[in-house]
Amino acid sequence: MDTLVDDIGSFPLPTGIKREEYARAYELARVAIINHQDPSKDEFIQKKFCSVVVESFKTKIRTGLDIANFPQHFNGIRQVGDAVHAAMEKGSFVVDNELAFLPEIYVLNQEAKSLSEEFGRKLQLRVSIFGPIEQYLSEVGATAYPDVLDGFAQTINRFAKNSILNNKYIETKVISIDEPSLGHSSFSGSTEVVCQTLEKAYDFQGPTRQIHLHFASGVHDLLSVKGIDVLSFEYAASPKNIEAVPKNVLEKADKQIRVGIARTDIDSIWAELYEKGITQPSTAQIVETIEAIKKRFEFAKEKYGERMTFTGPDCGLGSWPSQEAASLLLKRTVEAVKTA
């Protein structure tokens, strides 16, 4: 089985678009959609949000990704958190179903026909959502209250279900619930509570269900979670992660793995180049070579074999200096995998 190349999600804004403008347009687009209005009819929303989402998605598709995550330009915690805050004002942590949506998915669905025709194929979409534990840590704290966690799990489940598209132009192939703090936070919830919470969040069918972690130490506690198909961790910037997850534990639990094979830790990359005397690195110098990425892929593939069904860069590219640099990283990652 071929290993599919996807990406984690966040992506730099295009040159000329300010983060504050995009965030404001995002918020206005969400309000318009809630009010059953077409956000593209508003000039500001169309220019600063809708067209940005579409053009950034095109940029990602052109890199050759098998499955492209929607371009996550907005704060990932706030994507769900803003809706949770509105629910909390009504005394609940559960977001109403009709309000549990991602504006980017709405826009891509609206533009799917023209995008599909432009690229000559059905679009394969990945959707990443910060998970119930991460949202809970952000909104409530480290002390676990199971009934509140249950509300967050229901909310994430609704966001996931409402992100599932499947028509002749576009299909949601992967939904990733991202839990970067699992395995190294002070969260007081037991393994049983964490698993119950995640099982409720993953109670949907259709797309491949990934969970993305930063630290492989969290993998072992999640092997029993029903609904998770693919466990994902970072390897390129954290080489020791791969030592923590043997193939046989995946086989025993009947889970697959996604391994990050290209570094995205841009601050460390800058620092290493500076130490070498490269104070004004070119885009090509910022991005790892195809050979370096390929070497990691081949090592991981040899270890996991058919269990390694997905790969791609480590965590997202939102903090990278430009779309040009981020795109080159995606292109080199794709080429490294396809020529291995």
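The values are calculated or read from the model by the stated rules, or taken from the named source; none is laboratory data. Note that the structure is a prediction, hence the values are computed from the model and not measured. Virtual Cβ from ideal backbone geometry, glycine too; neighbours counted across all protein chains shown. Note: accessible area is taken over every heavy atom of the protein model, side chains too, but ligands, DNA and RNA are not part of it. Shrake-Rupley method; radii C 1.70, N 1.55, O 1.52, S 1.80 Å.
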Quiz prompt | Breaking point among (1) under 16 Å from F11 (Cα atoms); (2) small (G, A, S); (3) under 17 Å from the mean Cα position of the chain (by Cα), for G81 | solution = (1)
Quiz prompt | Count of segment 189-216 residues which are open to solvent by 70 Å² or more (accessible area, probe 1.4 Å) and either in a loop (DSSP other than H, G, I, E, B) or of a type in the set (S, T, Y) (or both) | solution = 4
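From the set of residues in segment 137-182 that are among the small types (G, A, S) and part of a loop (DSSP other than H, G, I, E, B), which is least open to solvent (accessible area, probe 1.4 Å)? Break it down stepwise before answering.
From segment 137-182, those among the small types (G, A, S) are 138, 141-142, 144, 151, 153, 160, 163, 176, 181; that's our starting set.
Filter again for part of a loop (DSSP other than H, G, I, E, B), leaving 141-142, 144, 163, 181.
Values: G141: 19, A142: 34, A144: 26, S163: 1, S181: 23 Å².
Checking each candidate, the answer is S163.
Yes or no, residue by residue, for (1) in contact (Cβ under 8 Å) with a residue 60 or more places away in the chain; (2) of a type in the set (A, V, I, L, M):
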| residue | (1), (2) |
| --- | --- |
| A153 | no, yes |
| F159 | yes, no |
| K173 | yes, no |
| H184 | no, no |
| G206 | no, no |
| K247 | yes, no |
| A253 | no, yes |
Quiz prompt | Matching option when the condition is open to solvent by 50 Å² or more (accessible area, probe 1.4 Å), touching a residue at least 24 places away in the same chain (Cβ under 8 Å) and farther than 18 Å from H214 by Cα, among E288, E272, E302, E324 | solution = E324
Quiz prompt | Selected residue (criterion: surrounded by the most Cβ atoms within 10 Å (Cβ to Cβ)) from residues of segment 305-321 that are in a helix (DSSP H, G or I) and touching a residue at least 60 places away in the same chain (Cβ under 8 Å) | solution = R307
